[in-house]
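Please read the structure below before turning to the comments.
Values quoted throughout were computed directly from the atomic coordinates according to the rules given, and no laboratory measurement underlies them. As the structure is a prediction and not an experimental result, all values here were calculated from the model. Ideal geometry is used to build each Cβ from the backbone, glycine not excepted, and the neighbour counts take in all protein chains shown.
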């Protein structure tokens, strides 16, 4: 499989590198990807919601009025759930929303996402991604050739200038290889990878596999 990409500088065609078929040539598995996204979002929930039941609300130890003779309904405590200021009937308790995903399933789902990004021409590979200054304007001009509103930059070397330049662009995200998650990969219109990231992704997701061809953004064409 061969994909022609353009340089971030002028959009011109560039060379190619060999990538793994087991990572970038996998069929799209919508069910598995959906399961990964749901599990990732569920794991991000804090789960710290807590309420007090009638036994945890302070006060209410004495009977509000006598049992008989008042003409009112009997009541044993003013902290009953039907009273104002009372406890909650089914009080919420802190809990974990995490869902178990096997390691092989997670890796297979990421391979499916990378392969689909490649098929949809939403995956860019560059030699390196750096900016000379921390100015946001310079980074915005560099990303203008992508013609995408939401961009994810995955690099193994995120310097301070790139971090400061992308901070004011709310639709541009930065990530390292091992911090990549399925939600950002699916959400962003374009994913930019550096050449060093490709090797790390292959060693992470498919240590032993066959190779295919994908174009990269290189300064010189060896051909």
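Shown is the FRET efficiency for residue 149 and residue 50, computed with R0 = 41 Å from the Cβ-Cβ distance and rounded to the nearest 0.05: 0.55. Residues 147, 202, 128, ranked from the fewest to the most other C-beta atoms within 10 Å, line up as 147, 128, 202. Look at 111, 188 and count the other Cβ atoms within 10 Å of each Cβ; fewest to most, that gives 188, 111. Reported value for the range 115-171: 91 Å³ per residue, from the convex hull of its C-alpha atoms.
Please report 158, 201 as a ranked list, fewest other C-beta atoms within 10 angstrom at the top and most at the bottom. Intermediate values should be presented prior to the final figure.
Values: 158 17, 201 22.
Fewest to most other Cβ atoms nearby, the residues stand as 158, 201.
With 0.36 nm allotted per residue and the present C-alpha distance subtracted, the residue 156-residue 92 stretch has 18.8 nm of extension available. The base-10 log of I(q)/I(0) for the chain, evaluated at q = 0.08, 0.15, 0.17, 0.18 Å⁻¹, reads -0.45, -0.99, -1.20, -1.30 [Debye formula, identical scatterers on Cα atoms, solvent excluded].
Which whole-number percent gives the relative contact order of the chain, counting Cα pairs below 8 Å spaced six or more residues apart?
Once divided by the residue count of the chain, the mean separation gives 35 percent.
Computed from label points 7 Å out along Cα-Cβ, the spacing between residue 141 and residue 82 is 7.3 nm.
The three principal axes of the Cα atoms in the range 87-131 give end-to-end lengths of 60, 32, 19 Å, sorted in falling order. Taking Cα atoms only, the orientation of helix 30-43 departs from the longest principal axis of the chain by about 50 degrees. I'd like the orientation of helix 103-119 relative to the chain: the angle between its Cα long axis and the longest Cα principal axis, in ° from 0 to 90, rounded to 10. So the inclination is approximately 50 degrees. Shown here is the pair-distance distribution of the range 58-188: with all Cα-Cα distances grouped in 10 Å bins from zero up to the longest one, the shares run 9, 26, 17, 10, 9, 12, 11, 6, 1 percent.
Could you work out the percent of alpha carbon pairs in the range 47-100 separated by over 16 Å, rounded to a whole number? That fraction is 53 percent. Compute the long axis of helix 195-205 from its Cα atoms, compare it with the longest principal axis of the Cα atoms of the chain, and write down the angle in degrees, 0 to 90, nearest 10. Rounded to the nearest ten degrees, it is 50.
Roughly speaking, what is the stretch gain from residue 168 to residue 101, that is 0.36 nm per residue apart minus the C-alpha to C-alpha distance, in nm to one decimal?
Numbers: separation 67, 0.36 × 67 = 24.12 nm, distance 3.41 nm.
Taking residue 168 through residue 101 to full extension adds about 20.7 nm, to one decimal.
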